[in-house]
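Take a look at the structure below.
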């Protein structure tokens, strides 16, 4: 019996490691009853050199008793144009204001096409 060396190799291709951007609190506001409203963003690093965030509205409502409710709505659901999720040198096109208990006013820009 004779053993002969065999040339072989194994190639493994793994997808690149995708690290989700960490959440950042961008805005906070509060209602008269001390309920806090928080807008959370995640930076979209795939669109340099502009500074943009992922195209959804992520709001958390923190009630005085400690409960938290939240919602995440995509730009498609809200019918908000993508440029509203990019920061301008002196402004953020997408803003919110607490008007009165349980009501938020959303302000954003719209381009005519």
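A short reminder: the numbers here are calculations on the coordinates, not readings from a lab. Quick caveat: nothing in here was measured; it's all calculated off a predicted structure. Every residue, glycine among them, receives a Cβ derived from its backbone with ideal geometry; neighbour counts consider all protein chains shown.
Observations, loosely collected:
- Projected label distance in nm at residue 20 and residue 55, using a 7 Å step from Cα toward the beta-carbon: 2.0 nm
- When you restrict to C-alpha pairs under 8 Å that are six or more residues apart and normalise by the size of the chain, the relative contact order lands at 18 percent.
- FRET efficiency estimate (nearest 0.05) - Cβ-Cβ, residue 12 to residue 71, R0 25 angstrom: 0.05
- Whole-angstrom gap from segment 11-43 to segment 50-113, using each part's C-alpha centre: 13 Å
- Where labels lie 7 Å past Cα in the beta-carbon direction, separation of residue 91 and residue 107 in nm: 0.9 nm
- Computed over the chain, the per-residue total of -39500 (n - 2.57) for DSSP H runs of n ≥ 4 gives a 222 nm mean residue ellipticity of -500 deg cm²/dmol, rounded to 500.
- Each label point was placed 7 Å from the Cα along the Cα-to-Cβ direction; for residue 83 and residue 63 their separation is 4.0 nm.
- Of 65, 40, 51, the one that fluctuates the most in a GNM where the chain has Cα springs shorter than 10 Å: 65
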